[in-house]
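Notes to accompany the following structure.
What follows draws every value from the coordinates through simple rules; no lab data is involved. Values in this document were obtained by computation on a predicted structure and should not be read as measured data. Cβ sites come from the backbone with ideal geometry, for glycine too, and all protein chains shown count toward neighbours.
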Amino acid sequence: LHIYTTLDLALQEEAQRIVSQQVAALQPRFGMNNGALIALKPGTAEILAMVGSVDYKNKEIDGQVNVAISPRQPGSAIKPLLYATAFNDNLISPATVIWDTPITYTISTIEEYRPVNYDRKFHGPVTVRAALANSYNVPAIKLLDAVGVERMLESARKMGVESLHRGTDWYGLSLTLGGGEVTLLDLASAYHTIANHGRYQAPQFFLTITDGQGQTLREISSTGGAQAISEEAASLVTDILSDDPARVPMFGARSQLTLSRPVAAKTGTTDNNRDAWTMGFTRHLLTGVWVGNTDGRPMLNATGAGAAAPVWNEFMRTVLAEPDLLTRLQAPATDTGWAFQVSENVQRLEECPPGLTCRTGGGEIFSATWLDAAGRRRAVVREQDGNEEGDDQESSSTFPLVDSVEYVSSAPVYMKRQTEAGLETRLLGYCGHPAGAERVLLALPDHFGFPQDSPTYCHHCWSMDGADVETVDEGRLLRDRKGALEWSLGSGFPVYLGRCDEMGLMADYTGFAVGIDFASAAALVSPEIFSSGQLSEVSGPGLLGPHRYILDRLWHDDQCPGQYVMGLAVDDQGLPLPGVAVSLTDAWDNTYRTVSKSGASDTGRFDFPIYGGDAPQRFTLQILDANGNPSGSPIVVPHRTDEVSNKPCHHLVVQRQPWQREFND
């Protein structure tokens, strides 16, 4: 047999030389002993170079093991696959705002997950462009929570990551931070899918195979591949990964991710610095690099940007600077033909959320499917607000940002709180008020995308009916909103809080004591201290008693004997509370009551068995005061109504909050 491989000898030799030399040069600093490289030809997925180790003959590093096809955790190098999936599913645009603020996820009854960023800081509201370009972890976790682990796995596999072969339950939210092992070849294939306008092509190892008589037995596949993600999604991810100014806050200007030609690149670093990655592509060459220790020992503070990017950068620059190598790639020697091709279904508009990072040069790019959905959602919102014709300025300037920005007539809302310096009044945000001045405001966290199948869903509202609760995890959404409010108090960002008639609900859910300054609503001045001195106190829904209870967390699993609603009552410090009266009403209006326990091991806990088997239904839970009156807003617990709640056990934590009414000036 005669096998003609896709490997280019000149590129292969350069790749082997550069990987070996660079790893040796970086070893004293980072403590790694091995590296791997894959180079693919965009459009055909031909493997042009494959380096499996720095030295095939070195037994101390298991040099004969091909690390390029060995599973390793990819760190943040896998994030572009998540964002590509979210773009494909029309959940986000590059201008969508994600709040990079603290959030807690309940994994089980004994485990919680609080994601943090690499720099151990939170960055407040950031656009999707800034979140991906700077590789912020918290926005990625929040996005994966919306996309779903199962959906991301499905998409990643379609894009070429076959090494993510375990069941959905094996992976958690850390999947988007590299919590699942992949091979360098698989990850390079997924990046090739992005570079290939969303079409997956299996990596090609050979050109032809002939027998001894010269008869062709097999030749390279000429199929165009399968569309794994939309062309628009691929264009949006490519545009963000090639936007060097957008990643300056984390990576600095002119980092190792830049070249003399347009390039889209991303790094990845795993926990304990065991693996460092850099993946990137131009129109004519795609390269992925891994460095680390073969046996998985941690390196010394090695990151993808510091340890893998120099290897990647040296190889890419070497190829781009050598005319003979460019000829082998069939790439032009001049600037012409290197710019990325943007999908014709992607449009640039002069829109960007106020005060945030968008595309270099101004404005942002949007897919046609996003603009269509945003336009339809804007029409629904106008109808809900009784303004079907809409404002011309609002219509033309903000409709692509409808998921994250409100152009609305509004009134200032202030919060009073006790500090060491005394009683302090601070501007919290603005609520929708028809007689107020028109302002462009950032919206608080909400579900991602547009619920076209739920036209009654109230976008950016605090009230939720039963159908709405099935769409989002109410407890998690409320925690996310409260975290955003706490961050915005010290930032000065203009935030839209919702309609003024819902500020009582906001006060109930957050525990904030707030008042609305209707007297100065028409003024565009936003002072730190209210100017009119005439605050209208916000009242709750008429709940009695010195305290009320808010939903802190709600999650579903199978960690209980049978089918139950299991709860925990805690005080404002998070300590369990015994003796709290609780009622639960089922779908047939049967009401059951219990009291939270006081035992040594179960203080504050209460539970209700679920009757009705696997029948889909919703339960309404209510905390009661000593007189049997409601002591908080009703909590809706879905059972078997959707994928999220399709578990037998439903857990929730309700937290007691003191009433804070301090607007008696």
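Just a few scattered comments:
- Rounded to the nearest 20 debye, the dipole size of the range 2-328 about its Cα centre is 520 debye, using +1 on the Cβ of Lys and Arg and -1 on the Cβ of Asp and Glu.
- Helix 231-241 and the long axis of the chain differ in direction by around 90°, with both axes built from C-alpha atoms.
- Hits among lysines - C-alpha to C-alpha of K142 under 22 Å, sequence gap 8 or more where chains match: K79, K121, K266, K482, K647
- Taking label positions 7 Å along the Cα-Cβ direction at both V116 and T168, the computed distance is 3.1 nm, reported to one decimal.
- Only Lys, Arg (+1) and Asp, Glu (-1) charged, at Cβ; the chain dipole about Cα centre in debye: 1600
- Note on F205 and D335: their simple-model spin labels are 4.2 nm apart, each label 7 Å out from Cα toward Cβ.
- Rounded to 0.05, the FRET efficiency of the N66 and R348 pair, given R0 = 41 Å and the Cβ-Cβ distance, is 0.45.
- Report summary: the helix-based calculation at 222 nm, which adds -39500 (n - 2.57) for every DSSP H run with n ≥ 4 and divides by the residues of the chain, gives -7000 deg cm²/dmol.
- Within the chain, DSSP assigns beta bridges of which about 90% are antiparallel (rounded to the nearest 5).
- Shape call, the range 2-328: gyration tensor on alpha carbons, a/c limit 1.5: prolate
- Potential extension, L1-Q213 segment - 0.36 nm per residue separation minus Cα distance: 75.4 nm
- Here the extension length gained between A615 and E486 equals 42.5 nm, from 0.36 nm per residue of separation less the Cα-Cα distance.
- Rounded if a/c under 1.5, otherwise prolate or oblate - the range 109-150, Cα gyration tensor axes: oblate
- Rounded to the nearest whole Hz, the Karplus-based 3J(HN,Hα) values (6.51 cos²θ - 1.76 cosθ + 1.60, θ = phi - 60°) of the range 639-654 follow the sequence 9, 6, 9, 7, 4, 5, 8, 7, 10, x, 10, 10, 10, 8, 10, 10, with x at glycine and proline.
- FRET efficiency for the D571 to N58 pair, using the beta carbon distance and R₀ = 60 Å, is estimated at 0.50.
- Principal-axis tilt of helix 149-159 within the chain, Cα atoms, nearest 10 degrees: 20
- Shape category assigned to the range 547-658 from the gyration tensor of Cα positions, a/c cut at 1.5: prolate
- Extension reserve of the L524-A435 stretch, reckoned as 0.36 nm per residue once the Cα distance is removed: 30.8 nm
- Simple spin-label estimate for A24 and T318 in nanometres, 7 Å along Cα-Cβ: 1.2
- Between T183 and R72, S163, the built amide H atoms are under 5 Å apart, and every one of these is 5 or more places off in sequence or on another chain.
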